[in-house]
Amino acid sequence: MPLEFKRLFSIAAAQAGRALFPPLCGGCRRTVSLPATLCGSCWRELRLMERPWCEVLGVPFGVDMGEGALSPAAIANPPPFDRARSAVAYTGVARRMVQALKYNDRTDLAPWMARWMMRAGAELIRDADVIVPVPLHARRFLRRRFNQSAELARAIAGLSGLGFEPALVVRARPTRQQVGLGLAEREQNVRGAFKVPVAERERLRGRRVLAVDDVYTTGATVSAMARSLRRAGAAGVDVLTFARVLPEDFLDGGGNSI
């Protein structure tokens, strides 16, 4: 088949596909002009995480505190991971996208969510040796049929060229859903829940791990996972999530309490 004919055939096939299956907004399912985009209304709802932020916890500052500035929380209670970054605030369209991925089997959203995560976590990705998703317990995995954190991690690995290693950490015991639990309850719920299998420890030793999850709420889950990775010999652990729960005053435009 001549190259020009192949090109014309590909264009015609793409146009036919768009006519039969028009691209839809990831937030509200309205028709949009290009695949993997949001409509204007949903885009205005998106709150991208931008500098200045705490260099450890990644929470935004209301004013520029200078290079390397840390939040009071990072100083008073240093986390067991090195750095955390999130792409967007967990509100509006971002919340709908997370819930669609997690509960409505919208795994097609993971690649675009991953691109926003790569923007926020560029320095973490640059320093990482391997990407590891926050694992589900086997029972929950069987009920849900997929792990939303693994879908995000797989997409980031594909775009970045880093190794995707979902077996390096397992959830050794079932835990309650974290939704609705306070910080102390969340920490107790996931204490000792993650383990690095003995067979994987040699491959982990000395490597920097990028742990990937969908939402950072209190940090209890990723902190428990980071402790497990460090005990097993990881050289360092960074955390990258799609969304982060922020205080209401920040979302309303204040941002001074962070």
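Points to keep in mind about this one:
- Rolling a 1.4 Å probe across the protein heavy atoms gives the chain an accessible surface of 51 Å² per residue.
- Cα gyration tensor category, rounded, prolate or oblate, for the stretch 95-206 with a/c compared to 1.5: oblate
- Taking 0.36 nm per residue of separation and subtracting the Cα-Cα distance, full extension of the segment from Ala36 to Ala76 would add 10.4 nm.
- Amide hydrogen neighbours beyond the local backbone of Val88, cut-off 5 Å, H modeled: Met49, Ala243, Arg244
- Report summary: the helix-based calculation at 222 nm, which adds -39500 (n - 2.57) for every DSSP H run with n ≥ 4 and divides by the residues of the chain, gives -11500 deg cm²/dmol.
- Long hydrophobic helices in the chain, taken as whole DSSP H segments with a C-alpha length of 20 Å or more on their own axis and mean Kyte-Doolittle hydropathy at least 0.5: 3-20.
- Percent carbon-and-sulfur accessible area, the stretch 40-180, ignoring ligands, DNA and RNA, probe 1.4 Å: 53 percent
- Efficiency of FRET from Cβ geometry, Cys28 and Gln178, R₀ 30 Å, rounded to 0.05: 0.65
- Accessible area per residue was computed with a 1.4 Å probe on protein heavy atoms; Glu248 scores about 120 Å².
- Beta bridges from DSSP with both residues in the stretch 130-258: antiparallel share about 10 percent, rounded to the nearest 5.
The values are calculated or read from the model by the stated rules, or taken from the named source; none is laboratory data. What you are looking at is a predicted structure, and each value in this text was computed from that prediction instead of being measured. Note: ideal-geometry Cβ built from the backbone for every residue, glycine included; neighbour counts use all protein chains shown. The area values use the complete protein model at the heavy-atom level, side chains included, leaving out ligands, DNA and RNA. Shrake-Rupley method; radii C 1.70, N 1.55, O 1.52, S 1.80 Å.
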